[in-house]
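For reference, the structure is listed below as structure tokens.
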């Protein structure tokens, strides 16, 4: 072997070691475990309000109920429709007028059983009014939602889970957060996690495929967001888990960003959250203590730096568990709510 070739190999090896050492393996701590959980195993839709309080679906194991995770477990809202199955949730900033009217919070929720995005408005006395906000003949089985604070657009994923996935079993929709007008932007395989970067120039969307009843592919795409219309373009591969680490059979579920644009991705079935930089390199892997079927996550708490991760409990998958881990910086949603609430 030539000396020049040997030097090249050594340089590559050193570079690999430096890159690997930059990836941190972290451990989350249990907050809600199976023995004290009031959530069911289908817990989903982790979300935060302007006060840093945390919420999730499947309270009391009922698909039509939302519960508080913090400050303590309690019922937050029961749907007015018995056909409801709540999934993704996003609280949005209030306008100055809404604050003056005594409105406490507004949230959009994916309702897959009724093929719609619901809206709930809570007043200062805790009374909640639920209504249908986004509904269209093209929208089916909405799964998760993301929100653009710049232009009040709701991004919606969906998935029709079949043995053999085809294009059209999922997609991407955009709904105007003021008018409720909705259109389909993309037709894809089954889509799940959806999130917007903090500068609102990039949309992240997961896509998965099944074949013969087995999951064979899990990828995350990124799109450019048009600041004026909210529409997306320039679809580009962000990560392919088959090429990354051979875990293409493990589904991506909820995704969230922090204020630096790092993307936090739940792996449903692996009991793990993978954290990516905006450039697509792995920053850390977070191992969960009480959860195996990881469904969603969000930053909350008083400073928005606590990452709350939800999913079915390892020791009893009929119960919903919550793990937490502290971060150095706050989440995008919490920061936006704090800075924008009551200002417009």
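A few comments on the model shown:
- For segment 156-180, a residue qualifies if it is in contact (Cβ under 8 Å) with a residue 24 or more places away in the chain and either part of a loop (DSSP other than H, G, I, E, B) or more than 21 Å from residue 209 (Cβ to Cβ) (or both), and the qualifying residues are 160, 161, 162, 163, 164, 165, 174, 175, 176, 177, 178, 180.
- Candidate set: segment 231-254, residues that are over 19 Å from the mean Cα position of the chain (by Cα) and farther than 25 Å from residue 285 by Cα; chosen: the one surrounded by the most Cβ atoms within 10 Å (Cβ to Cβ): 235
- Screening the candidates 300, 271, 261 for the property of being on the phi > 0 side of the Ramachandran plot and surrounded by 20 or more Cβ atoms within 10 Å (Cβ to Cβ) yields one hit, 271.
- For residue 280, the conditions (1) surrounded by fewer than 17 Cβ atoms within 10 Å (Cβ to Cβ); (2) at negative phi all hold with the exception of (2).
- When segment 82-100 is filtered for residues that are touching a strand residue (DSSP E or B) at 6+ places or on another chain (Cβ under 8 Å), more than 17 Å from residue 340 (Cβ to Cβ) and assigned to a loop (DSSP other than H, G, I, E, B), the ones remaining, listed by number, are 84, 85, 86, 87, 88.
Values quoted throughout were computed directly from the atomic coordinates according to the rules given, and no laboratory measurement underlies them. Because the structure is a prediction, the values reported are computed rather than measured. Positions of Cβ are backbone-derived with ideal geometry, glycine not excepted, and every protein chain shown enters the neighbour counts.
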